[in-house]
Amino acid sequence: MTPEFILVTPQARPQVALIQLNRPKELNALNLQLMQEVAAALKELDKDPEVRVIVLTGNERAFAAGADIKQMAGRTAIDMLLIDQFSTWDQIRRTTKPLIAAVSGFALGGGCELCMTCDMIVASETAKFGQPEIRIGTMPGAGGTQRLTRAIGKARAMEMVLTGEPMGADEAARHGLVNRVVPVGQYLEEAFRLAASIAKMSPIAARLAKESVNRSFETHLDEGLHFERKNFYMTFASEDQKEGMAAFVEKRPAEFKGR
Ligand code: DAK
(Lines give C-alpha, C1' and ligand atoms only; values in the text may rest on other atoms or scores of the structure.)
Protein backbone atom coordinates (compact mmCIF):
# COMPACT_ATOMS: atom_id res chain seq x y z
CA MET A 1 0.00 0.00 0.00
CA THR A 2 1.23 3.53 -0.76
CA PRO A 3 2.03 5.30 2.49
CA GLU A 4 0.05 8.46 3.23
CA PHE A 5 2.41 10.44 5.44
CA ILE A 6 5.86 9.58 4.13
CA LEU A 7 7.63 9.51 0.77
CA VAL A 8 9.97 6.63 0.10
CA THR A 9 12.67 6.68 -2.61
CA PRO A 10 14.62 3.41 -2.54
CA GLN A 11 17.37 4.72 -4.87
CA ALA A 12 17.55 8.44 -4.05
CA ARG A 13 21.26 8.09 -4.76
CA PRO A 14 23.04 4.88 -5.83
CA GLN A 15 22.51 2.39 -2.97
CA VAL A 16 21.11 5.13 -0.73
CA ALA A 17 17.41 5.25 0.14
CA LEU A 18 15.46 8.25 1.36
CA ILE A 19 12.45 8.35 3.65
CA GLN A 20 10.85 11.79 3.92
CA LEU A 21 8.31 12.57 6.62
CA ASN A 22 5.51 14.31 4.77
CA ARG A 23 2.91 16.01 6.98
CA PRO A 24 4.21 19.52 6.36
CA LYS A 25 1.14 21.45 7.61
CA GLU A 26 1.42 19.72 11.00
CA LEU A 27 5.22 20.15 11.10
CA ASN A 28 5.49 16.40 10.55
CA ALA A 29 3.81 15.61 13.88
CA LEU A 30 4.27 11.89 14.35
CA ASN A 31 0.84 10.30 14.42
CA LEU A 32 0.57 6.54 14.86
CA GLN A 33 0.06 5.83 11.17
CA LEU A 34 3.10 7.89 10.18
CA MET A 35 5.27 6.00 12.66
CA GLN A 36 3.94 2.66 11.40
CA GLU A 37 4.70 3.74 7.84
CA VAL A 38 8.26 4.69 8.81
CA ALA A 39 8.76 1.34 10.54
CA ALA A 40 7.32 -0.59 7.58
CA ALA A 41 9.46 1.33 5.07
CA LEU A 42 12.60 0.74 7.12
CA LYS A 43 11.83 -2.96 7.37
CA GLU A 44 11.45 -3.16 3.60
CA LEU A 45 14.60 -1.12 2.84
CA ASP A 46 16.57 -3.10 5.42
CA LYS A 47 15.85 -6.25 3.36
CA ASP A 48 16.53 -4.62 -0.03
CA PRO A 49 19.96 -5.78 -1.30
CA GLU A 50 20.24 -2.70 -3.54
CA VAL A 51 20.10 -0.38 -0.49
CA ARG A 52 23.13 0.06 1.76
CA VAL A 53 22.36 3.26 3.70
CA ILE A 54 19.08 4.96 4.58
CA VAL A 55 18.53 8.70 5.07
CA LEU A 56 15.53 9.90 7.07
CA THR A 57 14.47 13.52 6.70
CA GLY A 58 11.60 15.97 7.07
CA ASN A 59 11.61 19.38 5.40
CA GLU A 60 13.42 22.68 5.94
CA ARG A 61 10.97 23.92 8.58
CA ALA A 62 10.63 20.74 10.59
CA PHE A 63 12.15 17.32 10.89
CA ALA A 64 9.24 16.59 13.26
CA ALA A 65 7.65 18.70 16.01
CA GLY A 66 6.92 15.65 18.14
CA ALA A 67 4.27 13.03 18.57
CA ASP A 68 0.84 14.20 17.46
CA ILE A 69 -0.46 15.99 20.55
CA LYS A 70 -3.99 16.19 19.16
CA GLN A 71 -4.07 12.42 18.70
CA MET A 72 -2.56 11.76 22.13
CA ALA A 73 -4.38 14.34 24.22
CA GLY A 74 -7.40 12.29 25.36
CA ARG A 75 -5.66 8.96 25.85
CA THR A 76 -5.50 7.12 29.16
CA ALA A 77 -2.46 5.21 30.39
CA ILE A 78 -4.24 1.97 29.48
CA ASP A 79 -4.97 3.25 25.96
CA MET A 80 -1.25 3.98 25.61
CA LEU A 81 -0.36 0.55 26.97
CA LEU A 82 -2.74 -1.22 24.57
CA ILE A 83 -1.69 0.80 21.52
CA ASP A 84 1.86 -0.35 22.24
CA GLN A 85 3.69 2.24 20.15
CA PHE A 86 6.91 0.83 21.51
CA SER A 87 6.81 -2.13 19.15
CA THR A 88 6.99 0.38 16.27
CA TRP A 89 9.83 2.34 17.87
CA ASP A 90 11.67 -0.88 18.78
CA GLN A 91 11.43 -2.05 15.22
CA ILE A 92 12.96 1.22 13.96
CA ARG A 93 15.77 0.77 16.48
CA ARG A 94 16.47 -2.71 15.08
CA THR A 95 17.28 -1.45 11.56
CA THR A 96 20.56 -3.12 10.68
CA LYS A 97 21.68 -0.72 7.93
CA PRO A 98 23.26 2.64 8.75
CA LEU A 99 20.52 5.22 9.25
CA ILE A 100 21.27 8.93 8.92
CA ALA A 101 18.86 11.66 10.02
CA ALA A 102 19.00 14.85 7.94
CA VAL A 103 17.48 17.44 10.24
CA SER A 104 16.40 21.02 9.62
CA GLY A 105 14.10 23.14 11.79
CA PHE A 106 12.18 21.58 14.65
CA ALA A 107 13.25 18.21 16.04
CA LEU A 108 11.16 18.24 19.18
CA GLY A 109 9.85 15.59 21.56
CA GLY A 110 9.32 12.40 19.56
CA GLY A 111 11.02 14.17 16.63
CA CYS A 112 14.19 14.59 18.65
CA GLU A 113 13.85 11.00 19.88
CA LEU A 114 13.40 9.74 16.33
CA CYS A 115 16.55 11.44 15.05
CA MET A 116 18.47 10.18 18.09
CA THR A 117 17.30 6.64 17.21
CA CYS A 118 19.22 7.07 13.95
CA ASP A 119 22.95 6.34 13.85
CA MET A 120 24.12 9.79 12.79
CA ILE A 121 22.60 13.24 12.45
CA VAL A 122 23.40 15.85 9.82
CA ALA A 123 21.85 19.17 10.85
CA SER A 124 21.09 22.42 9.10
CA GLU A 125 21.99 25.66 10.89
CA THR A 126 18.32 26.13 11.78
CA ALA A 127 17.88 22.75 13.49
CA LYS A 128 16.47 22.90 16.99
CA PHE A 129 16.61 19.83 19.18
CA GLY A 130 14.39 19.71 22.22
CA GLN A 131 12.36 17.63 24.64
CA PRO A 132 9.50 20.03 25.42
CA GLU A 133 7.10 17.38 26.79
CA ILE A 134 7.34 18.89 30.29
CA ARG A 135 5.51 21.95 28.97
CA ILE A 136 2.46 19.84 28.17
CA GLY A 137 2.53 17.99 31.47
CA THR A 138 4.37 14.86 30.49
CA MET A 139 7.94 13.74 29.81
CA PRO A 140 9.94 12.02 27.05
CA GLY A 141 8.66 8.50 26.41
CA ALA A 142 10.62 7.23 23.42
CA GLY A 143 14.17 7.26 24.71
CA GLY A 144 14.74 11.00 25.19
CA THR A 145 15.90 10.86 28.81
CA GLN A 146 18.33 8.07 27.96
CA ARG A 147 19.74 8.93 24.53
CA LEU A 148 19.95 12.69 25.09
CA THR A 149 21.73 12.18 28.42
CA ARG A 150 24.23 9.77 26.88
CA ALA A 151 24.82 12.19 24.00
CA ILE A 152 25.18 15.53 25.79
CA GLY A 153 25.72 14.66 29.45
CA LYS A 154 23.52 14.79 32.52
CA ALA A 155 23.56 18.51 33.36
CA ARG A 156 22.55 19.78 29.92
CA ALA A 157 20.08 16.95 29.29
CA MET A 158 18.46 17.52 32.68
CA GLU A 159 18.06 21.21 31.88
CA MET A 160 16.50 20.52 28.49
CA VAL A 161 14.13 17.86 29.82
CA LEU A 162 13.06 19.91 32.86
CA THR A 163 12.69 23.31 31.15
CA GLY A 164 11.70 22.14 27.65
CA GLU A 165 14.13 24.71 26.21
CA PRO A 166 15.58 23.49 22.89
CA MET A 167 19.22 23.42 21.86
CA GLY A 168 20.45 24.97 18.60
CA ALA A 169 22.45 23.16 15.96
CA ASP A 170 25.86 24.61 16.82
CA GLU A 171 25.59 23.70 20.47
CA ALA A 172 24.29 20.26 19.50
CA ALA A 173 27.42 19.81 17.37
CA ARG A 174 29.70 20.96 20.20
CA HIS A 175 28.09 18.39 22.50
CA GLY A 176 28.39 15.58 19.96
CA LEU A 177 24.64 15.16 19.48
CA VAL A 178 25.02 15.78 15.75
CA ASN A 179 27.77 14.90 13.31
CA ARG A 180 27.90 18.19 11.46
CA VAL A 181 26.05 21.43 10.81
CA VAL A 182 25.72 22.90 7.32
CA PRO A 183 23.73 25.75 5.73
CA VAL A 184 20.02 25.03 5.25
CA GLY A 185 20.33 24.56 1.50
CA GLN A 186 22.88 21.78 1.98
CA TYR A 187 21.79 19.52 4.81
CA LEU A 188 20.17 16.85 2.66
CA GLU A 189 23.02 16.81 0.13
CA GLU A 190 25.49 16.57 3.01
CA ALA A 191 23.56 13.60 4.44
CA PHE A 192 23.66 11.96 0.99
CA ARG A 193 27.39 12.64 0.80
CA LEU A 194 27.95 10.95 4.15
CA ALA A 195 25.64 8.10 3.10
CA ALA A 196 27.53 7.63 -0.19
CA SER A 197 30.86 7.39 1.61
CA ILE A 198 29.44 4.61 3.83
CA ALA A 199 27.67 2.89 0.91
CA LYS A 200 31.08 2.29 -0.68
CA MET A 201 32.14 0.11 2.27
CA SER A 202 31.37 -3.54 2.85
CA PRO A 203 27.74 -3.67 4.00
CA ILE A 204 28.57 -6.73 6.11
CA ALA A 205 31.36 -4.91 7.93
CA ALA A 206 29.13 -1.83 8.29
CA ARG A 207 26.34 -3.89 9.84
CA LEU A 208 28.66 -5.66 12.28
CA ALA A 209 30.44 -2.41 13.17
CA LYS A 210 27.11 -0.61 13.76
CA GLU A 211 25.99 -3.42 16.05
CA SER A 212 29.25 -3.20 17.96
CA VAL A 213 29.16 0.58 18.45
CA ASN A 214 25.55 0.34 19.62
CA ARG A 215 26.49 -2.41 22.05
CA SER A 216 28.78 0.03 23.85
CA PHE A 217 25.64 1.78 25.17
CA GLU A 218 24.20 -1.40 26.55
CA THR A 219 26.96 -3.18 28.34
CA HIS A 220 30.16 -2.91 30.36
CA LEU A 221 33.56 -2.70 28.68
CA ASP A 222 34.60 -6.34 29.08
CA GLU A 223 31.37 -7.65 27.53
CA GLY A 224 31.53 -4.96 24.82
CA LEU A 225 35.07 -5.92 23.85
CA HIS A 226 34.04 -9.56 23.72
CA PHE A 227 31.11 -8.67 21.43
CA GLU A 228 33.36 -6.56 19.22
CA ARG A 229 35.87 -9.40 18.92
CA LYS A 230 33.20 -11.88 17.75
CA ASN A 231 31.98 -9.43 15.11
CA PHE A 232 35.56 -8.71 14.05
CA TYR A 233 36.17 -12.46 13.54
CA MET A 234 32.93 -12.68 11.61
CA THR A 235 34.08 -10.11 9.04
CA PHE A 236 36.78 -12.66 8.11
CA ALA A 237 34.04 -15.03 7.00
CA SER A 238 32.96 -12.53 4.33
CA GLU A 239 34.08 -12.30 0.71
CA ASP A 240 34.18 -8.55 1.27
CA GLN A 241 37.05 -8.84 3.75
CA LYS A 242 39.03 -10.92 1.22
CA GLU A 243 38.21 -8.41 -1.52
CA GLY A 244 39.03 -5.38 0.68
CA MET A 245 42.44 -6.68 1.69
CA ALA A 246 43.28 -8.02 -1.80
CA ALA A 247 42.37 -4.63 -3.28
CA PHE A 248 44.68 -2.91 -0.82
CA VAL A 249 47.56 -5.22 -1.71
CA GLU A 250 46.88 -4.88 -5.45
CA LYS A 251 46.58 -1.08 -5.15
CA ARG A 252 43.08 -0.91 -6.66
CA PRO A 253 39.69 0.21 -5.35
CA ALA A 254 37.75 -2.53 -3.56
CA GLU A 255 34.42 -3.68 -4.91
CA PHE A 256 32.29 -4.84 -2.06
CA LYS A 257 29.37 -7.14 -2.80
CA GLY A 258 27.82 -7.58 0.62
CA ARG A 259 28.69 -11.26 0.79
N1 DAK B 1 1.25 17.62 17.42
C2 DAK B 1 0.18 18.01 16.69
N3 DAK B 1 0.18 19.13 15.93
C4 DAK B 1 1.27 19.90 15.94
C5 DAK B 1 2.43 19.56 16.70
C6 DAK B 1 2.39 18.35 17.47
N7 DAK B 1 3.43 17.92 18.18
N8 DAK B 1 3.35 20.52 16.50
C9 DAK B 1 2.79 21.40 15.66
N10 DAK B 1 1.55 21.04 15.31
C11 DAK B 1 0.63 21.71 14.40
C12 DAK B 1 0.02 22.94 15.08
O13 DAK B 1 -1.07 22.58 15.88
C14 DAK B 1 -0.40 23.76 13.87
O15 DAK B 1 -1.58 23.21 13.34
P16 DAK B 1 -2.89 24.17 13.05
O17 DAK B 1 -3.17 24.83 14.35
O18 DAK B 1 -2.39 25.12 12.00
O19 DAK B 1 -3.92 23.21 12.57
C20 DAK B 1 0.71 23.47 12.86
O21 DAK B 1 1.31 22.25 13.29
C22 DAK B 1 1.79 24.54 12.85
O23 DAK B 1 2.23 24.75 14.17
P24 DAK B 1 2.28 26.18 14.88
O25 DAK B 1 1.22 27.10 14.32
O26 DAK B 1 2.28 25.96 16.34
O27 DAK B 1 3.71 26.72 14.37
P28 DAK B 1 4.70 27.72 15.14
O29 DAK B 1 5.78 28.00 14.17
O30 DAK B 1 3.96 28.86 15.75
O31 DAK B 1 5.28 26.87 16.34
C32 DAK B 1 6.29 24.89 17.36
C33 DAK B 1 6.10 25.75 16.07
C34 DAK B 1 7.04 23.63 16.95
C35 DAK B 1 7.14 25.70 18.35
C36 DAK B 1 4.92 24.58 17.97
O37 DAK B 1 4.08 24.04 16.93
C38 DAK B 1 5.00 23.57 19.10
O39 DAK B 1 5.35 23.94 20.22
N40 DAK B 1 4.64 22.30 18.81
C41 DAK B 1 4.55 21.28 19.81
C42 DAK B 1 5.94 20.81 20.20
C43 DAK B 1 5.88 19.73 21.28
O44 DAK B 1 5.39 19.97 22.39
N45 DAK B 1 6.35 18.52 20.98
C46 DAK B 1 6.37 17.42 21.88
C47 DAK B 1 5.07 16.65 21.75
S48 DAK B 1 4.97 15.28 22.87
C49 DAK B 1 6.01 7.58 22.68
C50 DAK B 1 6.70 8.07 21.62
C51 DAK B 1 6.87 9.43 21.45
C52 DAK B 1 6.31 10.33 22.34
C53 DAK B 1 5.60 9.85 23.41
C54 DAK B 1 5.45 8.47 23.59
N55 DAK B 1 5.82 6.20 22.88
C56 DAK B 1 6.58 5.25 22.05
C57 DAK B 1 4.95 5.71 23.85
C58 DAK B 1 6.49 11.75 22.09
C59 DAK B 1 5.79 12.72 22.68
C60 DAK B 1 5.90 14.08 22.14
O61 DAK B 1 6.59 14.34 21.19
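The values are calculated or read from the model by the stated rules, or taken from the named source; none is laboratory data. Keep in mind that this is a model prediction, so the values were computed, not measured. Because the Cβ atoms are built from the backbone with ideal geometry, glycine has one as well, and the counts that use them run over all protein chains shown. Only protein heavy atoms, including side chains, enter the accessible area calculation; ligands, DNA and RNA are left aside. Shrake-Rupley method; radii C 1.70, N 1.55, O 1.52, S 1.80 Å.
Close amide H pairs (under 5 Å, H built 1.01 Å from N) link F5 with no residue at least 5 positions away or on another chain.
Helix-only arithmetic for the chain: the sum of -39500 (n - 2.57) across DSSP H runs with n ≥ 4, divided by the residue total, places the mean residue ellipticity at 222 nm at -14000 deg cm²/dmol.
Summing Cβ point charges (Lys, Arg +1; Asp, Glu -1) relative to the Cα centre of region 121-188 gives a dipole of roughly 220 debye. Whole-Hz Karplus values for region 126-140 come out as 8, 5, 10, 9, x, 10, x, 4, 4, 6, 10, x, 9, 8, x Hz, taken residue by residue from phi with 6.51 cos²θ - 1.76 cosθ + 1.60 and θ = phi - 60°; glycine and proline positions read x. Between 0 and 90 degrees, the angle of helix 239-249 with respect to the longest Cα principal axis of the chain falls at about 60 degrees. Dividing the alpha-carbon radius of gyration of the chain by the rule-of-thumb value 2.2 N^0.38 Å gives 1.04. Expressed as a whole percent, the accessible surface of region 1-143 that belongs to carbon and sulfur atoms is 56, based on a 1.4 Å probe.
Taken over the alpha carbons of region 58-172 as equal point scatterers, the Debye sum produces base-10 log I(q)/I(0) values at 0.10, 0.18, 0.23 Å⁻¹ of -0.28, -0.93, -1.42.
Taking amide H positions as modeled 1.01 Å from N, with prolines and chain starts lacking one, the residues under 5 Å from G105 and 5 or more places away or on another chain are S124, T126, A127, K128. Rounded, prolate or oblate: which one fits region 53-110, using the alpha carbon gyration tensor with axes a ≥ b ≥ c (rounded when a/c is under 1.5, else prolate when a/b beats b/c, else oblate)? Since a/c reaches 1.5 but b/c is at least a/b, the shape of region 53-110 is classed as oblate. The distance separating the Cα centre of region 1-63 from that of region 182-198 comes to 16 Å. What residue among A62, M160, A173 has its Cα farthest toward the positive end of the dipole of the chain, where the charges are +1 on Lys, Arg and -1 on Asp, Glu, each on the Cβ? Farthest towards the positive end: A173. Enter the mean projected area of the convex hull around the alpha-carbon atoms of region 115-239, in nm², rounded to one decimal. Computed as one quarter of the Cα hull surface, the answer is 9.0 nm².
Axis of helix 154-163 versus longest Cα principal axis of the chain: the two differ by about 40°, to the nearest ten degrees.
Think of each Lys and Arg Cβ as +1 and each Asp and Glu Cβ as -1; about the Cα centre, that makes the dipole of region 54-186 roughly 220 debye. Annotation: per residue accessible area for the chain equals 54 Å², rounded to a whole number [probe 1.4 Å, protein chains only]. Ignoring lysines fewer than eight residues from K242 along the same chain, the ones with Cα atoms less than 18 angstrom from its Cα are K200, K230, K251, K257.
As a fraction of the 1.4 Å probe accessible area of region 150-259, surface on carbon and sulfur atoms comes out at 59 percent.
Counting only Cβ charges, +1 for Lys and Arg and -1 for Asp and Glu, the dipole size of the chain around its Cα centre is about 380 debye. Largest first and in whole Å, the equivalent-ellipsoid semi-axes of region 195-259 read 25, 13, 9, each the square root of five times a Cα gyration tensor eigenvalue. Ranking Q186, L21, M35 by how far each Cα lies toward the positive end of the dipole of the chain (charges on Cβ) leaves Q186 at the top.
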